[in-house]
Amino acid sequence: MAPNLRPVPRERDQPVRLTKIYTRGGDAGETSLGDGTRTSKLDPRIAAFGTVDELNAAVGMVVSGDCSEHIRDVLLRVQNELFDLGADLSVPLEREGRLRVTQEQVTALERDCDLFNADLPELTSFVLPGGTETAARLHVARTLCRRAERETLSASESVGVDPLALVYLNRLSDLLFILARGANAEAGAGEPLWKPGASRG
């Protein structure tokens, strides 16, 4: 039987304090949502915030590499916001007073999109993932962001989630695409573009 662990009391904006990592509580295929409700690990909310966790790890790969300081600063903020997003998705929507994604966070992503896109050349074709290593890693993060959005949409249609969670992920995928282009531009690397049918004889 899993031990009955009590959460350590904390203020709403204080970080979670973990006193024990393994609990045996998930050995039978169940886990706890953010409000303590037990549910199957196949719950669509688990899939949604689990994919957000994968996305955050991919963003961490970009941050730990050779990206520019201004890209790193944005991504460090995004990493913390992705934990906010995971917390949002982990708590049933009807629970009031819990940490939720905000319009201000979405607006900040839109400002970043406009700022980083301003000096980029006009697109003449679809961009192939690649160029510099930083750009390639950003494209991996972008594709994970799209998957997180699809998983969150599935959860929304099944059990209901915060609508701003979907908006945040949609905007973030746009930003990751722009940052990938920006990383190539900063490095003076040629942008790999799709050439329809180029390999056909």
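The values are calculated or read from the model by the stated rules, or taken from the named source; none is laboratory data. Every value quoted in this text rests on a predicted model; they were computed, and no experiment measured them. Cβ sites come from the backbone with ideal geometry, for glycine too, and all protein chains shown count toward neighbours. SASA here: full protein model, heavy atoms, side chains in, ligands and nucleic acids out. Shrake-Rupley method; radii C 1.70, N 1.55, O 1.52, S 1.80 Å.
Close amide H pairs (under 5 Å, H built 1.01 Å from N) link Leu128 with Leu193, Trp194, residues at least 5 positions away or on another chain.
The phi-based Karplus calculation (6.51 cos²θ - 1.76 cosθ + 1.60; θ = phi - 60°) puts the 3J(HN,Hα) values of the range 157-169 at 6, 8, 10, x, 9, 4, x, 5, 4, 5, 4, 4, 5 Hz, whole numbers, x for Gly and Pro.
Checking every one of the trypsin sites (Lys or Arg not before Pro) in the range 105-201 against DSSP loop status and a limit of 10 other Cβ atoms within 10 Å picks out Arg200.
Solvent-accessible surface (1.4 Å probe) assigned to Thr124 amounts to roughly 120 Å².
Rounded to the nearest whole angstrom, the semi-axes of the ellipsoid equivalent to the range 42-130, taken from the Cα gyration tensor as √(5λ), stand at 28, 16, 14, largest first.
Solvent exposure of Cys113, expressed as accessible area, is near 20 Å², computed with a probe of 1.4 Å over the protein chains only.
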